[in-house]
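Following: one structure in structure tokens, then a few remarks.
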Amino acid sequence: MFDTTAIKGISNNMNEKRVHKMINDIMARQFEKPKGILGKIAGCVMFFENRKINRWTLQYVQPSPGERILEIGYGPGFAIREIASANKDITIHGVDVSAKMKEEADKKNHDGIMKGIVLLFNVDIHDFAPGITYNKVFSVNNYPLWKRPHESLVNIRELLNKDGELTITVQPREEGADDETARRLGVKIKEDLLMAGYNDIKVSFKKVRPVLTVCVRGRK
């Protein structure tokens, strides 16, 4: 006779896996383009999880007085607020594909916006054409979501001043990601930057829970 208890246990386990995958898929879509109540939850998660990574990234960006800086995928606006509050004589712009994140970031950066230091856009970096150039461009945990990475990297290069620098930081978030995933990602981003015409490329790593984080920098 079949052990119906064992079969039922396997069935329950499969159902749990399906539910877990479904939840992960829903939240993944929210991290890509947050909206509604789930988008607000995703924004809060991004805000708290990215703080340490943002600060590490800004150590490489090194915002300086008189510079114009662009963040790609600003999310709830943490890094932009950090830059604006610590540097008065600076201009910080941001682009994000999520209208919900723009609402959240507008609230967090109200003072900077009122002072003319901060300007946020709801647009894909691939389509961003502000008519000005930037000293530095950076992105944290957003690069894997870009629909057309090569074309976007080429566009960013056009947006940079001579010798301007692009900084891309990513902590792998996909299921099963580990430190080796981050190392492979570092190689891939470096290759992508080379293909888009960037020079003087540097790759750095930082151990941040749950897995290694990679930061890749390249100059125009």
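The values are calculated or read from the model by the stated rules, or taken from the named source; none is laboratory data. Computed from a predicted model, the values in this text were never measured in an experiment. FYI the Cβ positions are ideal-geometry reconstructions off the backbone, even for glycines, and counts take in every protein chain you see. Side chains included, ligands, DNA and RNA excluded: accessible areas come from the protein's heavy atoms. Shrake-Rupley method; radii C 1.70, N 1.55, O 1.52, S 1.80 Å.
A few points about this structure:
- Looking only at region 83-105, and only at residues there that are of a type outside the set (G, A, S) and touching a Leu at 6+ places or on another chain (Cβ under 6 Å), the one that is modelled with the lowest pLDDT: K102
Let's see how each residue does on (1) β-branched (V, I, T); (2) closer than 27 Å to V214 by Cα; (3) more than 14 Å from the chain's Cα centre (by Cα):
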| residue | (1), (2), (3) |
| --- | --- |
| I90 | yes, yes, yes |
| I113 | yes, no, yes |
| F121 | no, yes, yes |
| P130 | no, no, yes |
| P149 | no, yes, no |
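- Pick from region 106-118, criterion among the hydrophobic types (A, V, I, L, M, F, W, C) and touching a helix residue (DSSP H, G or I) at 6+ places or on another chain (Cβ under 7 Å), ranking: farthest from G66 (Cα to Cα): I113
- Checking G164 against (1) within 18 Å of the chain's Cα centre (by Cα); (2) at pLDDT 95 or above, the condition it does not meet: (1)
- Going through (1) open to solvent by 50 Å² or more (accessible area, probe 1.4 Å); (2) of a type in the set (S, T, Y); (3) assigned to a loop (DSSP other than H, G, I, E, B) one by one, Y74 falls short only on (1).
- For region 202-220, a residue qualifies if it is buried (at least 16 other Cβ atoms within 10 Å of the Cβ), assigned to a strand (DSSP E or B) and either among the charged types (D, E, K, R) or on the phi > 0 side of the Ramachandran plot (or both), and the qualifying residues are K206, R217, R219.
- Identity of the residue in region 59-82, of a type in the set (A, V, I, L, M, F, W, C) and at pLDDT 95 or above, that ends up farthest from K107 (Cα to Cα): V61
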